[in-house]
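Reading through the structure tokens given below for one structure.
The values are calculated or read from the model by the stated rules, or taken from the named source; none is laboratory data. Being a predicted model, the structure only gives us computed values, none of them experimental. When we count neighbours, we look across all protein chains shown, and the Cβ atoms used for this are built from the backbone with ideal geometry, even at glycine.
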Amino acid sequence: MAGPSPSPHKPRRKAKRAVNAASNLANITALSDVNPVETLVRAPSFPLSALLWPARGFVTEWEVLPLILMGVGLFRWAAGLWGYSGFQKPPMFGDYEAQRHWMEITTQLPISQWYFHDLQWWGLDYPPLTAYHSWLCGKIGSLINPSWFALFSSRGLHDANLKVFMRATVLVSEYLIYIPAVVVFTRRFSRLNGVSTWSSAVALVAILMQPATILIDHVHFQYNTVMLGLVVASMSSLLAGRNLWACVFFVAALGFKQMALYYSFSIFSYLLAICVFPRINISRFVAIAATTAISFALLILPIVVGTLHDVKRGIDARPDLDGPRPPLPLFPQLANYLDTEAFYYPVVEQLVQIVHRIFPFARGLFEDKVANFWCALNVIVKVKKYPAPLLQRASLLATLASILPPNLVLFLRPRKHLLPLAFAATAWGFFLFSYQVHEKSVLLPLMPMTLMLAGNHGLSKQIRAWVGFANILGCWTMFPLLKRVDLAMPYTVLTLLWAYLLGLPPTSISVYAPEETKALSQWVTIFLHAPFYLAMALWHVLELNVVPPADKPDLWTVANVGIGAVGFGLCYIWCLGKLVVDSEIIPKSWFSKKTKLKSQ
Amino acid sequence: MGDIYPSLTQCAIVAAALKILLFPAYKSTDFEVHRNWLAITHSLPLWEWYYDKTSEWTLDYPPFFAYFEWMMSQVAKLVDPAMLKVYNLEYASWQTVYFQRFTVIITELLLVYALQIFVDSSPRSGGGGGSVVSKRAAQAAAISILLSPGLLIIDHIHFQYNGCMYGLLILSLVLGRDKSTLLWSGLAFAALLCMKHIYLYLAPAYFVFLLRAYCLSPRSIFRIQWLNCVKLGFGLTSVFGIAFGPFALRGQISQIFSRLFPFSRGLCHAYWAPNVWAMYSFVDRVLILIAPRLGLPLKEGALTSTTRGLVGDTAFAVLPDVSPRVCFVLTLLFQAIPLARLFMQPTWENFVAGVTLCGFASFLFGWHVHEKAILLVIIPFSLIALRDRRFLGAFRPLAVAGHVSLFPLLFTPAEFPIKTVYTVFWLILFLMVFDRLAPAASRARLFLFDRFSTLYITVSIPLIVYCSLVHGILFGNKYEFLPLMFTSSYSAIGVVGSWVGFMVVYFTS
């Protein structure tokens, strides 16, 4: 696809030539057939920009957008041809079975039983919007083949057509929510930062080809992009100044997956700040608070109405229980103030049950091996020997300490262009220090960080190097998870492809090529990244060829976790540092001496 | 001005990633066919290759392809020796799948190389009046071939090694561009013939071109260049000798030929390739319905045949039957017409056009043509489609029809989005890019033909929707032949239309 041919009718720009000649740039006329906006860039600096090079002459993004959406869709669907988590792995199977099972219970059981039904077999433990989404998917699927979601008998089903249907639900959900949100966000964010349409298209492809989301949603199987998409929609509404819509979208994100809490502090700081600065705006504050409350109410309304309706019809939420009502799972003291026979009591019980299911306080500090601070610390000090309440408190304090600085900056400088950075830094803080983190949660900090590609100098070497580093490290820490279900191949292909497209190691070291103006920061980046890339490569070689000693069967996973946690810590520091610099909260003259090391 | 972006390598890398992701996709019996050939060539002595009947998928490609399989089997034994056991029918361990799918991607590098040579041999800027394709346009055409949905569907999902062989074909075509490499062009084509005999369809164009441009003097057709004749004769003998010699020593030639040319097959394949005979069959089907009113006699025996998905003799109920002889004569006739012009003006552009038209004639009139053979037309045509807008006008319906006609090869729900979205992606991308790159024609365009091609492309959308969705909802599993018949009749109109248009352009340019 070579670029558009030079138009023969182009008028000669004599005036411009004169200017060029005056500035001793006579040879610039050689570029006269290229779009004037892009004349500064003579050749693509990484393969993705080369692939989109011919699109530079296009007037609008609508010419490339359909192609981009089809292209990234093909990679998603092709990746989905591979296995999914728990494929033919009885007795419990995996995430795929959990999602399928939720479609089963939501379509087959009365609404009041959803959060109570056989909790040992993938009991519903996501917020209500996921349940509604499962209900919708289950209803549509049952039209095609009712046996896919038959109660009990469909457990652990591995029908090939069911897999196609399930993959399609992920893809369609993503194309309805995540992709429009990212497209709109990229457009708004690029315009805000004065980035050209073409660069914004390049950034869009880079964001949509992000390997971690494809691997987790379309290969391993989950619906993270729905939640992430709602968060992006919320951020995009903030960019557009539609603050109330931002609240609605964010509540929807929280209502889909509680993980969205990782971002809640940032959105809270930003919204609060715009109510306080430049002058205190009470009406705005009230509107935001009211919208949020109403959205929450709407979110749980079907459950509340459904429960009351079921009680009226004499349907018990727990048909398997005989005898007296069991106490509430959380806040048992609440029962002392409530009349257990009152009409509203089943609703209270239902809501407490939902909270109890969504926030598993009773579980440990961390479950599997995850590349966060606690799990890494556990390698050195056996953390789990300490009492749970102490650990909970430590975790809470550490999380607060880590998220406070970025949110303070955002509160004091509520600038739109800082949103992705602040969201990323906060999410990194949560990921590194909070309680009960899963390795898949790395998707949360990666999302806003990757969105930075659409920002000011988003495709510059510095930002590509860091965003790329975080993404590749993120995929790498999920490798043990993917390897368990034989997904090493899609992992390799998608990660290397993305690295190749953006010109990152291991396919290229061009992002680290020294630039004249920023030589020092380049060297610091190399110094920080190189050991990690080498360690990742070495780790893959070892993991493939060396069996860990018998007394340390988890050696490679532990090594992965340790290296990952340190790398993510660096990402946190970089995001925070860049946030501080970009917010100009510290006078420039001061910072240019002291923090130059951190970021340029 | 610097290089043209994106480069072939960059596209090939991204395409390879998609192809690797397609490893677990549906694979046809051709996968087992090629596994069986790996096993035969690896574990049996040479003289038993064309006699083994353990599997029903006996070796029916010429010897170079057998040697090719033998070479791959040398690597295969390091991967999973079990796939090389002749009796291990239907064996498909994941190592086997990985290995065989990888060999398709690796051998396709020959195509990338040939296309690069093609681009490099194209001039910086096109000649006046669209006589030559410029480098920019050549790069676009090369990438369109590299990313062809035909190759993706047939090679990387359905499973075959066309990428490698079309690479050899393009290499041979490009070698024909320069006087000094004409001999090598002929020899490369001979080697290709010894890999897959379907390329015999294109052989007349090679024969005429080499005869005129290499064996006869450029100034007069009555002066024979004897030295060139000897070189070519010796080279061809060597190529065929290496291929068939070992078998000839044991007197196996007749056995090989009985494998290569099974004449017992019917006029149309189970699924009609979109050619003249598909239209003929379609007219016959329609006539069955209206024949009683017109008072035409029906042949009773024919009513139960065709369209039911059985490979066998095609019998027509109303129209007269077609014999292989008729097919052969028609094919040769429609090959001879454009070749006469090639003989008079043996330029490289005419040569490629002649190859394309030979492909067209044999695809449209041939006996038992398979729908996959449409690549024989599309690929050479792509090399010259960007000469000017008139060529592009003829190419457009072919690009749509040829690829849509391949859809029935894949029928599993998981591959449905891949084949449709990829093909639509390719069509939008390249029809848009080609439209920007093709220079204006020196002669007036065919107004009606342009309108036809736009209308034709538009019709494809409701057709695909009907065949893939509406039909299933309306009729379930009944009347399965209907969507197939519509697809092939529709595609046949496109292919025939493109052929007629191209003939006109060829003879008037």
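As a summary of the residue check, A:PRO146 satisfies the conditions (1) crowded, with 20+ Cβ neighbours inside 10 Å; (2) out of contact with any Phe, Trp or Tyr (no Cβ under 8 Å at 6 or more places or on another chain) except for the one numbered (1). Looking only at region A:516-557, filter to residues that are surrounded by 12 or more Cβ atoms within 10 Å (Cβ to Cβ) and of a type in the set (Asp, Glu); which one of those is modelled with the highest pLDDT? Filtering region A:516-557 for residues that are surrounded by 12 or more Cβ atoms within 10 Å (Cβ to Cβ) and of a type in the set (Asp, Glu), the one modelled with the highest pLDDT comes out as A:GLU543.
Of B:VAL133, B:VAL174, which residue is among the aliphatic types (A, V, I, L, M), assigned by TED's automatic domain parsing to the domain that holds B:ALA15 and part of a helix (DSSP H, G or I)?
B:VAL174
Residues in region B:136-167 that are in a loop (DSSP other than H, G, I, E, B), more than 10 Å from chain A (Cβ to nearest Cβ) and more than 20 Å from B:THR29 (Cα to Cα): B:SER148 only.
Here is a yes/no grid of residues against (1) more than 14 Å from every other protein chain (Cβ to nearest Cβ); (2) touching a Lys or Arg at 6+ places or on another chain (Cβ under 6 Å):
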site: A:PHE479; (1), (2): yes, no
site: A:LEU497; (1), (2): no, no
site: A:LEU502; (1), (2): no, yes
site: A:THR507; (1), (2): no, no
site: A:ALA519; (1), (2): yes, no
site: A:TRP523; (1), (2): yes, no
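Of everything listed in (1) modelled with pLDDT of 95 or more; (2) touching a Pro at 6+ places or on another chain (Cβ under 8 Å), the single unmet condition for A:LEU308 is (1).
Condition check for B:LYS27 on (1) assigned to a helix (DSSP H, G or I); (2) more than 9 Å from chain A (Cβ to nearest Cβ); (3) within 29 Å of B:PHE411 (Cβ to Cβ); (4) in contact with a helix residue (DSSP H, G or I) (Cβ under 8 Å, 6 or more places away or on another chain): one failure, at (1). Among the residues of region B:439-451, is any modelled with pLDDT of 90 or more and within 14 Å of chain A (Cβ to nearest Cβ)? No: region B:439-451 contains no residue that is modelled with pLDDT of 90 or more and within 14 Å of chain A (Cβ to nearest Cβ).
Tell me, which residue of region B:428-438 that is more than 7 Å from chain A (Cβ to nearest Cβ) and buried (at least 19 other Cβ atoms within 10 Å of the Cβ) is farthest from B:GLY494 (Cα to Cα)? Filtering region B:428-438 for residues that are more than 7 Å from chain A (Cβ to nearest Cβ) and buried (at least 19 other Cβ atoms within 10 Å of the Cβ), the one farthest from B:GLY494 (Cα to Cα) comes out as B:ALA438. Being under 20 Å from B:PHE257 (Cβ atoms), surrounded by fewer than 17 Cβ atoms within 10 Å (Cβ to Cβ) and not aromatic (Phe, Trp, Tyr), is that true of even one residue in region B:60-79? Yes, the conditions are met somewhere in region B:60-79. Looking across A:TYR337, A:TYR345, A:TYR386, one residue alone is touching a Leu at 6+ places or on another chain (Cβ under 7 Å) and either at pLDDT 80 or above or loosely packed, with under 15 Cβ neighbours inside 10 Å (or both). It is A:TYR345.
Just one residue in the set A:MET227, A:MET235 is within 13 Å of the chain's Cα centre (by Cα), aliphatic (A, V, I, L, M) and under 15 Å from A:PRO128 (Cα atoms); that residue is A:MET227. The requirement of being modelled with pLDDT under 80, surrounded by 13 or more Cβ atoms within 10 Å (Cβ to Cβ) and over 30 Å from B:HIS197 (Cβ atoms) is fulfilled nowhere in region B:257-266; no residue meets it. Right, B:PHE434: under 22 Å from B:LYS419 (Cβ atoms) and either at pLDDT below 85 or out of contact with any Phe, Trp or Tyr (no Cβ under 6 Å at 6 or more places or on another chain) (or both) or not? Considered against the rule, which asks whether it is under 22 Å from B:LYS419 (Cβ atoms) and either at pLDDT below 85 or out of contact with any Phe, Trp or Tyr (no Cβ under 6 Å at 6 or more places or on another chain) (or both), B:PHE434 comes out as yes. Taking the criterion of being within 14 Å of chain A (Cβ to nearest Cβ) and more than 17 Å from the chain's Cα centre (by Cα), would at least one residue in region B:73-93 satisfy it? The answer is yes, given that some residue of region B:73-93 is within 14 Å of chain A (Cβ to nearest Cβ) and more than 17 Å from the chain's Cα centre (by Cα).
Taking the condition within 13 Å of another protein chain (Cβ to nearest Cβ) and either out of contact with any Ser or Thr (no Cβ under 6 Å at 6 or more places or on another chain) or assigned to a loop (DSSP other than H, G, I, E, B) (or both), does B:ARG124 pass? The answer is yes for B:ARG124.
Scanning region A:66-94 for residues that are under 16 Å from A:LEU482 (Cα atoms), in contact with a Phe, Trp or Tyr (Cβ under 9 Å, 6 or more places away or on another chain) and aliphatic (A, V, I, L, M) yields one hit, A:LEU81.
Could you please let me know if A:ARG188 is crowded, with 18+ Cβ neighbours inside 10 Å, closer than 30 Å to A:THR60 by Cβ and of a type outside the set (Ser, Thr, Tyr)? Yes: the conditions hold for A:ARG188.
Condition first: under 27 Å from B:ALA414 (Cα atoms) and out of contact with any Cys (no Cβ under 8 Å at 6 or more places or on another chain). Can you find one or more residues in region B:120-141 that meet it?
Of the residues in region B:120-141, the ones under 27 Å from B:ALA414 (Cα atoms) are none.
Scanning region B:120-141, I find no residue that is under 27 Å from B:ALA414 (Cα atoms) and out of contact with any Cys (no Cβ under 8 Å at 6 or more places or on another chain), so the answer is no.
Keeping to region B:37-75, report how many residues are among the acidic types (Asp, Glu) and free of Cβ contacts under 8 Å to residues at least 12 places away in the same chain. Of the residues in that region, 2 qualify. Per the listing B:LEU287, B:LEU227, B:LEU202, B:LEU236, the residue uniquely surrounded by 13 or more Cβ atoms within 10 Å (Cβ to Cβ) and without any contact (Cβ under 8 Å) to a residue 40 or more places away in the chain is B:LEU287. Of all the listed residues (A:LEU328, A:LEU271, A:LEU308), the sole one being in contact (Cβ under 8 Å) with a residue 24 or more places away in the chain, more than 30 Å from A:LEU238 (Cβ to Cβ) and touching a Leu at 6+ places or on another chain (Cβ under 9 Å) is A:LEU328. Does A:SER196 satisfy being under 25 Å from A:LEU501 (Cα atoms), of a type in the set (S, T, N, Q), surrounded by fewer than 24 Cβ atoms within 10 Å (Cβ to Cβ) and more than 12 Å from the chain's Cα centre (by Cα)? Yes; evaluated as a whole, the condition is true for this residue.
Got at least one residue in region B:3-18 being small (Gly, Ala, Ser) and away from every other protein chain (no Cβ under 14 Å)? Looking for residues that are small (Gly, Ala, Ser) and away from every other protein chain (no Cβ under 14 Å), one finds none in region B:3-18, hence no.
For region A:62-109, a residue qualifies if it is basic (Lys, Arg) and away from chain B (no Cβ under 12 Å), and the qualifying residues are A:LYS89, A:ARG100.
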